[in-house]
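The values are calculated or read from the model by the stated rules, or taken from the named source; none is laboratory data. Everything numeric in this text was worked out from a predicted model, so none of it was measured. Note: ideal-geometry Cβ built from the backbone for every residue, glycine included; neighbour counts use all protein chains shown.
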Amino acid sequence: MGCANIAERYMIPAINALEEFKLVAVASRTQETAQKFAEKFNCEAIVGYQSLLEREDIDAIYLPLPTGLHNEWINKSLDAGKHILAEKSLGIDFHSTKAMVEKAQEKKLLLMENFQFQYHSQHNYVKKLLTSGEIGEMRSFRASFGFPPLAWNNFRYNAELGGGSLLDAGSYMLKVSQFFLGSDLEVKAADLVYDEELKVDLYGTAYLTNGKLSSQVAWGFDNFYQCNYEIWGSKGKLSCERAYSAPPGFSPKIIIEKQGLRTEILLDSDNHFENILKYFRHSILEQKYEHHFKEILTQARLIEQVKLKTSL
Ligand SMILES: NC(=O)c1ccc[n+]([C@@H]2O[C@H](COP(=O)([O-])OP(=O)(O)OC[C@H]3O[C@@H](n4cnc5c(N)ncnc54)[C@H](OP(=O)(O)O)[C@@H]3O)[C@@H](O)[C@H]2O)c1
């Protein structure tokens, strides 16, 4: 639903690469775009998102609309009886996100947020290193995700379309903190820096803790490119340099630093777009929805806390 950049570059090629999936149609607001995508990806072109929902031969929707439109179209998709893989951030606030989750529960449909990086094998490799005691006990977690300014007409600069860095790059920082420290986190301090004319936040930082371990994160889209995390332990440090946007074919590098020693481990490439799609399908077939709902709500709670804690 929506011929988005992320759909064209990564998600539709992944759908088409998996034999478990059949891409039935793409829907766009315009005939021209729908047609262009349909020809490129060998499927039907549909004009108007509602017309897509009226199709009975469609089980699931991949929804990469601007964040501010998710609420309307997730609700409509659930009402039409479709499972949904929705792009991050799933909702713009906790209240509306909770209502979407409750509707999915009521309709017995899967609603999942597309944080595909969690399904890239590089992070499980890091988790295994942590469990094996490679860097001793974990002492703290730090992460950054940010990039230089986007085109002026990008929806991320439009408050009405759910723009802003927190719901975009910032959301990864809250998610990766949960990935390594668990869901029992609270935001203790945060800053969001707004563009006064656009009324959207351009960059920010947050400090989260679970009472034992802390996470310091920063993000933005007026920044020198960073896409990393580092885990500092009692005996060493682990760093991942391309943590959230590893494209298919890219071989990730994990760096281990210890007293007088620096090791770089080059890992096999992976395709986290295909991996999350397979997991989405598996969750539907097994009817395992609840942990996805819980993850969505924890994420929305932390986003809300960042907004409440911002001191600027
Ligand atoms: N998981 C990831 O790695 C990842 C990466 C990038 C982005 N995302 C997420 O994916 C979503 C889309 O991001 P994107 O960068 O791909 O966006 P994009 O290229 O701007 O695409 C958004 C699409 O939404 C549709 N749309 C409907 N109303 C619109 C409006 N008023 N203004 C603009 N577009 C409108 C358009 O499709 P039609 O013209 O065909 O209707 C447009 O192509 C966002 O939620 C973003 O956070 C996720």
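Which numbered condition in (1) in a helix (DSSP H, G or I); (2) among the small types (Gly, Ala, Ser); (3) at positive phi is the only one that Gly81 fails? In the conditions (1) in a helix (DSSP H, G or I); (2) among the small types (Gly, Ala, Ser); (3) at positive phi, Gly81 misses (1) alone.
Let's see how each residue does on (1) in the same structural domain as Gly170 (by TED's automatic domain parsing); (2) over 23 Å from Ala7 (Cβ atoms):
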{"residue": "Asn71", "(1), (2)": "no, no"}
{"residue": "Ala99", "(1), (2)": "no, yes"}
{"residue": "Glu106", "(1), (2)": "no, yes"}
{"residue": "Lys127", "(1), (2)": "yes, yes"}
{"residue": "Arg142", "(1), (2)": "yes, yes"}
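Looking at the structure I just gave you, is Leu90 touching a Phe, Trp or Tyr at 6+ places or on another chain (Cβ under 7 Å) and buried (at least 21 other Cβ atoms within 10 Å of the Cβ)? Spelling it out, it is not the case that Leu90 is touching a Phe, Trp or Tyr at 6+ places or on another chain (Cβ under 7 Å) and buried (at least 21 other Cβ atoms within 10 Å of the Cβ).
Would you tally the residues in segment 107-164 being within 25 Å of His272 (Cα to Cα) and aliphatic (A, V, I, L, M)? So the count comes out to 9.
Within segment 108-119, is even one residue more than 19 Å from the chain's Cα centre (by Cα) and surrounded by fewer than 18 Cβ atoms within 10 Å (Cβ to Cβ)? Scanning segment 108-119, I find at least one residue that is more than 19 Å from the chain's Cα centre (by Cα) and surrounded by fewer than 18 Cβ atoms within 10 Å (Cβ to Cβ), so the answer is yes.
Return the residue satisfying two criteria in turn: it lies in segment 241-258 and is in a loop (DSSP other than H, G, I, E, B) and more than 16 Å from the ligand (Cβ to nearest atom), and of such residues it is farthest from Tyr194 (Cα to Cα). I'd like the intermediate steps shown before the answer.
Of the residues in segment 241-258, the ones in a loop (DSSP other than H, G, I, E, B) are 241-252.
Filter once more, keeping what is more than 16 Å from the ligand (Cβ to nearest atom): 241, 251.
Values: Glu241: 27, Ser251: 36 Å.
That would be Ser251.
Has segment 120-142 got at least one residue that is within 30 Å of Ile58 (Cα to Cα), within 15 Å of the chain's Cα centre (by Cα) and in a loop (DSSP other than H, G, I, E, B)? Checked segment 120-142: at least one residue is within 30 Å of Ile58 (Cα to Cα), within 15 Å of the chain's Cα centre (by Cα) and in a loop (DSSP other than H, G, I, E, B).
Inclusion of Ala4 among residues that are over 22 Å from Asn153 (Cα atoms), of a type in the set (A, V, I, L, M), within 14 Å of the ligand (Cβ to nearest atom) and buried (at least 18 other Cβ atoms within 10 Å of the Cβ) is not warranted. When restricted to residues that are outside any loop (DSSP other than H, G, I, E, B), of a type in the set (A, V, I, L, M, F, W, C) and within 25 Å of the chain's Cα centre (by Cα), segment 1-48 contains 13. When Ile284, Ile255, Ile276 are checked against the criterion of being surrounded by fewer than 18 Cβ atoms within 10 Å (Cβ to Cβ) and under 24 Å from Pro13 (Cβ atoms), Ile284 stands alone in meeting it.
Yes or no: Ser51 farther than 16 Å from Lys107 by Cβ and assigned to a loop (DSSP other than H, G, I, E, B)?
Working: farther than 16 Å from Lys107 by Cβ: yes; assigned to a loop (DSSP other than H, G, I, E, B): no.
Criteria not met by Ser51.
Could you please let me know if Gly91 is closer than 24 Å to Lys294 by Cβ and away from the ligand (no atom under 15 Å from the Cβ)? No, not satisfied. Residues of segment 128-144 that are more than 16 Å from the ligand (Cβ to nearest atom) and under 18 Å from Cys227 (Cα atoms): Ser140, Phe141, Arg142, Ser144. Checked against (1) in a helix (DSSP H, G or I); (2) farther than 15 Å from Phe115 by Cα; (3) not acidic (Asp, Glu), Thr263 meets all criteria but (1). Taking the criterion of being exposed (fewer than 14 other Cβ atoms within 10 Å of the Cβ), among the basic types (Lys, Arg), under 30 Å from Lys188 (Cβ atoms) and in the same structural domain as Phe147 (by TED's automatic domain parsing), would at least one residue in segment 228-235 satisfy it? Within segment 228-235, one or more residues are exposed (fewer than 14 other Cβ atoms within 10 Å of the Cβ), among the basic types (Lys, Arg), under 30 Å from Lys188 (Cβ atoms) and in the same structural domain as Phe147 (by TED's automatic domain parsing).
Conditions (1) in the same structural domain as Val126 (by TED's automatic domain parsing); (2) within 16 Å of the ligand (Cβ to nearest atom); (3) under 16 Å from Gly68 (Cβ atoms), marked per residue:
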site	(1), (2), (3)
Asn153	yes, yes, yes
Ser171	yes, yes, yes
Asp191	yes, no, no
Gly220	yes, yes, no
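From the list Glu32, Glu44, Glu56, Glu72, exactly one residue is within 24 Å of Gln287 (Cβ to Cβ) and not hydroxyl-bearing (Ser, Thr, Tyr). Which is it? Steps first, answer last, please.
On the way: Glu32 fails: within 24 Å of Gln287 (Cβ to Cβ); Glu44 fails: within 24 Å of Gln287 (Cβ to Cβ); Glu72 fails: within 24 Å of Gln287 (Cβ to Cβ).
After applying the criteria, what remains is Glu56.
Do we find that Leu238 is assigned to a strand (DSSP E or B) and assigned by TED's automatic domain parsing to the domain that holds Tyr125 in this structure? Answer is yes for this residue.
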